[in-house]
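Structure first, then comments.
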Amino acid sequence: MIVRDAFCVSQPPSEATDRFTTSSTWERADAQWESHERRRLVCCRTVAETHDVRTFVFSAESGQPFSFEPGQFITVSADIDGETVSRCYTISSPPTRPYTLSITVKRTPGGRMSNWLHDHMKPGVVLLAYGPAGIFTPASAPAAKALYLSAGSGVTPLMSMTRAAFDLGLNRDIVFVHSARSPADIIFRDELSGLCAAADKLKVIHVCEGQGTGPDWNGPLGRLSLELLQQQVPDFRDREVFTCGPAGYMNSVKEVLLQGGHDPARYHQESFNFAETAEPIADVPPSPAEIGESTASTYTVRLAKSGKTFSITASETVLAAARKAGVALPSSCSQGLCGTCKTAVLEGSVEMRHNGGIRQREIDKGLRLMCCSRATSDLVLDL
Ligand SMILES: Cc1cc2nc3c(=O)[nH]c(=O)nc-3n(C[C@H](O)[C@H](O)[C@H](O)COP(=O)(O)OP(=O)(O)OC[C@H]3O[C@@H](n4cnc5c(N)ncnc54)[C@H](O)[C@@H]3O)c2cc1C
Ligand code: FES
């Protein structure tokens, strides 16, 4: 049985480098990196995983070790073309190797942050990042047998979980089914084979949509289907399922599992693009229309620092209204999860329903998440 503490590791590794050998460093080892705290990460190395996916490995500029749970993400921010851009990236490394932290990023055609990271990030370059957040972690749903299902860059949280389970010597019964476009697109292929060879209860299956142009592929071809699942993982109904991948993939996985009689209460998913998912992973604030109130009210939002103003209807979130008016507010996940849009409401009131991206003590101080807050009066924001 896995307990939460077994995954929340902040002890130093046995082989410490020189700058980690002073007692003051050990005293700092338990320092938590809060999701609202921005720290400076120094790139140590980058690794090409596939033609369009690269891992970026960082250490903390302060020398502090990192503490997080496998499956959590950080929010990185960078000035790109004169604008601050923030994006969430899952930590692909395990918390069991706490002196470095990796993110594994797929280039999104036309995407700002992913291309900036691929083009600019190299050893010595500093990246600003907010601390770990997210609830997609096996610590929240411990189970004796797990099924990890991922597609594309959705492999990252499951890779962190697999690496952590291995490092902790848990010898967990994990079946990891990863789907890729072609054999050349399989991320972490060699490492997963190595882990598989070393851990007798870990089984890894790669499913490729097509052959691509590489050498012949002997593994399963096509998309993950009920037939394939029954063939490869006959006991899938007994497993706690963790899924991450594009929206279309996750919707079809959910359907396959339901068809196959898997208990939906034992299904957990993480979306990298919340706007695309057919079903929200958790509640966002209900609009007044949903709760039977009038949507006719329109309010004014004033940004105290920049002096900008825009109007907002009772049915819109502050972030959505700002976007509509062409006003850029800090944001990333848009679902009350990452904390990037946290802002002090100086005057007026909002109704917020978040997904864990803000703490009660921050709410008590007047902070709110703009992506999941609706105005109930005129507002003045500390922006
Ligand atoms: C919790 C979480 C964890 C994540 N983990 C990972 C991870 O481990 N690895 C990973 O690779 N990604 C991950 N992501 C996704 C990541 O945050 C980014 O969304 C992704 O890298 C794309 O960001 P970008 O800035 O490159 O693209 P964006 O600039 O956000 O663009 C996204 C798309 O929109 C299009 N677009 C942009 N601007 C416009 C415009 N003005 N008009 C029309 N189209 C436009 C782009 O062409 C592109 O197709 C994660 C996301 C979340 C929420
Ligand atoms: S943008 Fe992530 S919490 Fe609002």
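Readers should treat all values here as calculations from the given coordinates under stated rules, not as data from a laboratory. Remember, it's a predicted structure, so these values are computed and weren't measured experimentally. Cβ placement follows ideal geometry from the backbone for every residue including glycine, while neighbour counts extend to all protein chains displayed.
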**Request:** Taking the chain as the reference, fit the longest principal axis to its C-alpha atoms, fit the long axis of helix 155-167 to the helix C-alpha atoms, and give the angle between the two in degrees, 0 to 90, nearest 10.
**Result:** 60 degrees
**Fill in**
Expected max-MSF residue from GLN269, GLN72, GLN360 in the GNM of the chain (alpha carbon, under 10 Å) is GLN360
**Request:** Please order ARG38, ARG87 by the number of other Cβ within 10 Å, starting at the fewest.
**Result:** ARG38, ARG87
**Fill in**
region 298-381: Kirkwood hydrodynamic radius (Cα pairs, Å) comes out at 12.4 Å
**Request:** Net charge near VAL105: determine it from the other residues with C-beta under 10 Å of the C-beta of VAL105, scoring Lys and Arg +1 and Asp and Glu -1.
**Result:** +2
**Prompt:** Using alpha carbons only, how many degrees (0 to 90, rounded to 10) separate the axis of helix 189-198 from the longest principal axis of the chain?
**Reply:** 60 degrees
**Item:** Ratio of the Cα radius of gyration of the chain to 2.2 N^0.38 Å, where N counts its residues
**Value:** 1.03
**Request:** Take ASP185, ASP235, ASP173 and order them by how many other Cβ atoms sit within 10 Å, fewest up front.
**Result:** ASP235, ASP173, ASP185
**Complete:** Simple SL model, points at 7 angstrom along Cα→Cβ for ASN171 and ILE80; separation in nm is 4.6 nm
**Message:** I want to verify a result. In a Gaussian network model of the chain, Cα cutoff 10 Å, which of these has the top mean-square fluctuation: LEU329, LEU346, LEU149?
**Reply:** LEU346
